[in-house]
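Below is one structure; the comments refer to it alone.
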Amino acid sequence: MQNNLIIAGIALLAVGTYAIRFAGYRLGSRMQMSEKARAMLSDAATVLLLAVAVTTALFEGTDFAGVARIVGVLFAVFLAWRRAPLIVVIIGAAVMTALLRYLGVS
């Protein structure tokens, strides 16, 4: 049951993201909008995905995910900011989180 809800949530987010992008594309040429409104439509999908990523980083179910996961995510952000290859970012974050958990940081 839980897996079905997760899959349904992912599908709903995918459809919503696509609908926002498609609406921006289709309505952008037909409606007169200010530059601010165009920028908001363009950034709406990114904000939605960022909100999901932050929620996932901070919580596991209804409980706090722990300091180790947050430090791992912050380390991944740091590596991405330094323009490290994606595989290095992923492995670096996983190693940082695992190391902290091994040392007893929850």
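Figures for the structure shown
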| read-out | value |
| --- | --- |
| Shape category assigned to segment 1-68 from the gyration tensor of Cα positions, a/c cut at 1.5 | oblate |
| Pairwise FRET efficiency - Ser34 versus Leu86, Cβ, R0 = 30 Å, nearest 0.05 | 0.25 |
| Stretch in the chain that is longest and holds no trypsin sites (Lys or Arg not before Pro) that DSSP places in a loop and that have at most 10 other beta carbons within 10 Å | 31-81 |
| For segment 81-106 and segment 1-62, distance of Cα centres in Å | 27 Å |
| Between helix 67-81 and the chain: long-axis angle, C-alpha atoms, 0 to 90°, nearest 10 | 60 degrees |
| Helix-only CD estimate at 222 nm, as mean residue ellipticity for the chain, using -39500 (n - 2.57) per DSSP H run (n ≥ 4) | -27000 deg cm²/dmol |
| Accessible surface of segment 33-99, 1.4 Å probe, proportion on carbon and sulfur as whole % | 75 percent |
| Phi-based couplings in Hz for segment 13-19 (Karplus 6.51, -1.76, 1.60; Gly and Pro marked x) | 5, 5, 5, x, 5, 4, 5 |
| Cα gyration tensor shape for segment 45-106, rounded if a/c is under 1.5, else prolate or oblate | oblate |
| For the chain, accessible area per residue (1.4 Å probe, heavy atoms of protein chains only), Å² | 79 Å² |
| Heavy atoms of Ile87: accessible area, 1.4 Å probe, square angstrom to 10 | 110 Å² |
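The values are calculated or read from the model by the stated rules, or taken from the named source; none is laboratory data. Owing to the predicted nature of the structure, the values given are computational and were not obtained by experimental measurement. Backbone-built Cβ (ideal geometry, glycine too); neighbour counts: all protein chains shown. We work out accessible area using only protein heavy atoms, side chains counted, and drop any ligands, DNA or RNA first. Shrake-Rupley method; radii C 1.70, N 1.55, O 1.52, S 1.80 Å.
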